[in-house]
Structure formats: C-alpha cells, structure tokens
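Trainee: Sharing a structure, written as structure tokens. Questions coming.
The values are calculated or read from the model by the stated rules, or taken from the named source; none is laboratory data. Note that this is a predicted model, so its numbers are computed, not measured. Counting neighbours? That spans all protein chains shown, and the Cβs are built from the backbone with ideal geometry, glycine included. Please note that ligands, DNA and RNA were not included when accessible areas were found on the heavy atoms of the full protein model with its side chains. Shrake-Rupley method; radii C 1.70, N 1.55, O 1.52, S 1.80 Å.
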Amino acid sequence: MAEKVTNIMIVGVGGQGIILTADLLAKTAAIAGYDVKKSEIHGMAQRGGSVTSQVRFGKEVASPIIQEGTADILVSFDKLEAIRNVGILAKTGTALVNDLYLV
C-alpha cells in the first residue's frame with residue numbers, strides 16, 4: 001500500500017501572499033524530510049487576479065497536481081476563491097477560509 005500523500009490547495013487573489021505561503025509550506029515539508037511537489041497558477045497579471053497553489057508532500061510524490069475531490073486541506077485567503085475552488089476538497093477534507101473583509 002502506498003504511503004499517504006498530503007494535498008493542500010492554497011487560494012486567494014493577487015497580493016495576498018498565496019505563492020509565498022505555498023513556498024514556505026513546501027520548504028518546511030522538505031526540511032522535515034518529505035518529498036514535495038508544488039504547482040501554481042497566476043490569474044490576471046495584476047493585483048487582485050485569482051491565484052492558486054497546490055502543495056503535495058509525503059514519502060514519495062509523483063505529481064504536483066491535486067486531483068479534483070482529493071485535497072486534504074483547502075486554505076483560502078478570500079471567500080469567493082473558497083467557493084470557486086471547493087470542488088478540489090475531499091469529502092473528508094478541511095477548509096480554512098478567511099472571512100475578514102477589508103474595504
């Protein structure tokens with residue numbers, strides 16, 4: 001039986017630190033001795049565009065892409081982005097959503 005791979009999807013909008021958060025998570029997992037793969041998608045090339053990053057870590061990780069419905073954790077820095085990406089979350093997964101709205 002294959003070892004468990006942890007799948008974490010981090011989402012938000014440009015300027016919120018999605019890529020930085022994913023980089024820190026990936027580096028931390030690597031320092032802890034895990035095999036780590038990371039993928040990211042930048043939306044519009046401006047502040048406020050949709051940004052997603054996927055981090056997978058475990059004993060052995062073959063691909064950086066999280067399959068639909070398999071993310072263990074969805075971290076969203078924005079409510080709308082949480083709704084847009086909820087399909088990635090496994091039925092037993094956990095969503096951490098920032099509900100603070102600043103104008």
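Trainee: Which of the residues spanning the range 24-62 are closer than 18 Å to Leu96 by Cα and charged (D, E, K, R)?
Mentor: Matches in the range 24-62: Arg56 only.
Trainee: Out of all the residues in the range 44-73, which are within 12 Å of the chain's Cα centre (by Cα) and closer than 17 Å to Ala29 by Cβ?
Mentor: Ser53, Gln54, Val55, Arg56, Phe57, Pro64, Ile65, Ile66, Ala71, Asp72, Ile73
Trainee: Could you please give the count of residues in the range 6-23 that are within 17 Å of Val97 (Cα to Cα), of a type outside the set (A, V, I, L, M) and surrounded by 15 or more Cβ atoms within 10 Å (Cβ to Cβ)?
Mentor: Residues in the range 6-23 being within 17 Å of Val97 (Cα to Cα), of a type outside the set (A, V, I, L, M) and surrounded by 15 or more Cβ atoms within 10 Å (Cβ to Cβ): 5 in total.
Trainee: For the range 24-37, what are the residues that are open to solvent by less than 40 Å² (accessible area, probe 1.4 Å) and either touching a helix residue (DSSP H, G or I) at 6+ places or on another chain (Cβ under 6 Å) or assigned to a loop (DSSP other than H, G, I, E, B) (or both)?
Mentor: Within the range 24-37, the subset open to solvent by less than 40 Å² (accessible area, probe 1.4 Å) is 26, 29, 36.
Result: Val36, single match.
Trainee: If you check Glu3, Glu40, which single one turns out to be at pLDDT below 95, in contact with a strand residue (DSSP E or B) (Cβ under 6 Å, 6 or more places away or on another chain) and surrounded by 15 or more Cβ atoms within 10 Å (Cβ to Cβ)?
Mentor: Checking each option against the conditions leaves just Glu40.
Every residue, every condition in (1) open to solvent by 50 Å² or more (accessible area, probe 1.4 Å); (2) part of a loop (DSSP other than H, G, I, E, B); (3) on the phi < 0 side of the Ramachandran plot; (4) out of contact with any strand residue (DSSP E or B) (no Cβ under 7 Å at 6 or more places or on another chain), yes or no:
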| residue | (1), (2), (3), (4) |
| --- | --- |
| Ser53 | no, no, yes, no |
| Arg56 | no, no, yes, no |
| Ser63 | no, yes, yes, no |
| Ile66 | no, yes, yes, no |
| Gly69 | no, yes, no, no |
| Leu74 | no, no, yes, no |
| Ala90 | no, no, yes, no |
| Gly93 | no, no, yes, no |
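Trainee: Same structure, new question: Could you please find all residues in the range 1-23 being under 26 Å from Ala62 (Cβ atoms) and touching a helix residue (DSSP H, G or I) at 6+ places or on another chain (Cβ under 7 Å)?
Mentor: Keep residues of the range 1-23 that are under 26 Å from Ala62 (Cβ atoms), which gives 1-11, 18-23.
Listed by number, the residues that qualify are Ile8, Met9, Ile10, Val11.
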